[in-house]
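J.: The following block contains the structure, expressed as structure tokens.
The values are calculated or read from the model by the stated rules, or taken from the named source; none is laboratory data. Note that the coordinates shown come from a computational prediction; the quantities given were computed from them, not determined experimentally. Backbone-built Cβ (ideal geometry, glycine too); neighbour counts: all protein chains shown. In case anyone asks, the SASA skips ligands and DNA or RNA and just uses the protein heavy atoms, side chains included. Shrake-Rupley method; radii C 1.70, N 1.55, O 1.52, S 1.80 Å.
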Amino acid sequence: MSSRAADENSRPTSISRSLIHRTAVFARMIKFSHTVFALPFALTAVVLASREHIITWEAVLWILLAMAGARSAAMGFNRIVDAEYDRRNPRTASREIPRGAVTRRQAAVFVAASSALLVFAAYRLNGLCFVLSPLALAIVFFYSFTKRFTSLSHLFLGLALSVAPLGAWIAVAGEWSWPAFGLGVAVLAWVAGFDIIYACQDIEFDRREGLFSVPAALGIGAALWISRSLHAASFLILMGIGLVFGLGTIYYAGVFVVGTVLVYEQSLVRANDLSKVNLAFFNMNGFISMLYLAVTTVDVWLSF
């Protein structure tokens, strides 16, 4: 075989490897693995809505694509907006934009494409989802600016993720629901609670840079108590959701386990020991969201 033929045969392989590599880079940039936080709650809303509405696989597909678009747009936008802060923070200096693996222009194109995916998926779901899709983008984009002017930025992150179950419900039912809003509030409190824990790592950097957070404003000890209060509120709301939807023993047993895991998560972090923050942040919260989806699904399935 001639060298030219060999080059032509190897070219598709090289292109494939390059595409896989670029996909992996963007997946790392948006912390794709953290999708496990909000997505299960969106699917939980779908499960709860299925008690009164017919669910099609096509609808589930468009909900998943809408979720992927919204989260990818939000994370990509955050990486663009915070690029200079990330570059100066030793903990985040190795992120893709600061180290040059992704340019701001490339990230902007990625955000635009992800936003378009959300809007198109919302259009395919129903008219109300389509009309509300720009509002959803505005909420998730706005969060990225909040650390510049308010210590309540953790609540804004919770608000951004609470859009997931609310949006999923509207996608299925085509209308607003106060019980689904309750699930959104539970997500808000849960996310704000663990984000406060995560922010404890950056307390000195935030103070030096003039950024706002509960730990920077009140200190780690007080911040952890606020985090515990938010997680307690989330637990109580999840219990209340069981009453509103008329769920059974399996649901309540699962929520009790969720509460136990939240207590354990809080026990991993102390004002004088932040060494287990990442364990508390990712492992525990990923388990909580998946467990909640599982027990709700089983409970609803057995009630049919």
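J.: State whether one or more residues within region 121-142 are open to solvent by 20 Å² or more (accessible area, probe 1.4 Å), among the hydroxyl-bearing types (S, T, Y) and in contact (Cβ under 8 Å) with a residue 40 or more places away in the chain.
T.: no
J.: Which one of these is over 23 Å from P165 (Cα atoms), surrounded by 15 or more Cβ atoms within 10 Å (Cβ to Cβ), in contact (Cβ under 8 Å) with a residue 40 or more places away in the chain and of a type in the set (V, I, T): V185, V269, V191, V255?
T.: V269
J.: Can you tell which of A45, A101, A49, A112 is touching a Pro at 6+ places or on another chain (Cβ under 7 Å) and either over 24 Å from F194 (Cα atoms) or at pLDDT 95 or above (or both)?
T.: The match here is A45.
J.: What number of residues in region 65-89 are surrounded by fewer than 16 Cβ atoms within 10 Å (Cβ to Cβ) and either polar (S, T, N, Q) or free of Cβ contacts under 8 Å to residues at least 60 places away in the same chain (or both)?
T.: The qualifying residues number 2.
J.: Considering only region 194-209, how many residues are open to solvent by 10 Å² or more (accessible area, probe 1.4 Å) and touching a residue at least 60 places away in the same chain (Cβ under 8 Å)?
T.: Selection size over region 194-209: 5.
J.: Look at V261 and say whether it is surrounded by 23 or more Cβ atoms within 10 Å (Cβ to Cβ) and either farther than 23 Å from A136 by Cα or among the β-branched types (V, I, T) (or both).
T.: No, not satisfied.
J.: Here is a further query. Can you report the number of residues in region 263-304 which are over 17 Å from L43 (Cβ atoms), in contact with a Phe, Trp or Tyr (Cβ under 9 Å, 6 or more places away or on another chain) and of a type in the set (D, E, K, R)?
T.: Within region 263-304, residues that are over 17 Å from L43 (Cβ atoms), in contact with a Phe, Trp or Tyr (Cβ under 9 Å, 6 or more places away or on another chain) and of a type in the set (D, E, K, R) number 1.
J.: Moving to a separate point now. Among the listed residues I220, I250, I237, identify the single one that is out of contact with any Lys or Arg (no Cβ under 7 Å at 6 or more places or on another chain), open to solvent by 60 Å² or more (accessible area, probe 1.4 Å), of a type outside the set (F, W, Y) and without any contact (Cβ under 8 Å) to a residue 60 or more places away in the chain.
T.: Step by step, each of I220, I250, I237 is checked, and only I250 is out of contact with any Lys or Arg (no Cβ under 7 Å at 6 or more places or on another chain), open to solvent by 60 Å² or more (accessible area, probe 1.4 Å), of a type outside the set (F, W, Y) and without any contact (Cβ under 8 Å) to a residue 60 or more places away in the chain.
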